[in-house]
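First up is the structure itself, then whatever we jot down about it.
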Amino acid sequence: MNTNYIFKSPIGLLKIEEEDGKLIGLSLQQNETNFVQPQKFIRHSDLLYEAYHQLNEYFLEKRKQFELPINCKGTVFQQKVWNELQKIPYGETRSYEDIAIAVNNPKAARAIGQANNKNPILIIVPCHRVIHKNGDITGFGCGTEIKKYLLDLEKIN
């Protein structure tokens, strides 16, 4: 069974999704018009509560690494990319080319960008830490302002 929780964060409404005891989604919700912030977290499940708690710690700069079971659903190539993204330490970046080399497909920088765009678990699978080789910050599904915010939060200049 799939359960979810939506909450307000510094970057907007985030939706956490769980299925079979693993996170399957963390996404930015575009429509905030009908959202009412609950007075307190409604405990849907221990995992959703823990994810909510760890994300709040991250935004308060008290957490640098997530300890949550995840299940990223995608193609074999996408999963290789997403696994590699999880190896990028807090406060560091990699280029699309770096990730392409790491997944043994050095000419696939563009495909790396497409896999990043399909990342189902934002922040926890840190696609925001992938930038252009020349240092440009572009190509983020939630917009470059949010990508810059997350990089600044992690003190990445």
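Of the listed requirements (1) more than 22 Å from G12 (Cβ to Cβ); (2) surrounded by fewer than 16 Cβ atoms within 10 Å (Cβ to Cβ), H53 misses just one: (1). There is at least one residue in the stretch 63-77 that is among the polar types (S, T, N, Q) and surrounded by 12 or more Cβ atoms within 10 Å (Cβ to Cβ). Among the candidates I88, I156, the residue that is touching a strand residue (DSSP E or B) at 6+ places or on another chain (Cβ under 8 Å) and either more than 13 Å from L26 (Cβ to Cβ) or in a strand (DSSP E or B) (or both) is uniquely I88. Checking each residue in the stretch 54-93 for being of a type in the set (V, I, T) and either in contact with a His (Cβ under 6 Å, 6 or more places away or on another chain) or over 12 Å from N119 (Cβ atoms) (or both) picks out T75, V76, I88, T93.
Quick note: the coordinates plus some simple rules give every number you see, no bench work behind them. Owing to the predicted nature of the structure, the values given are computational and were not obtained by experimental measurement. No Cβ is skipped: glycine too gets one built from the backbone with ideal geometry, and neighbour counts run over all protein chains shown.
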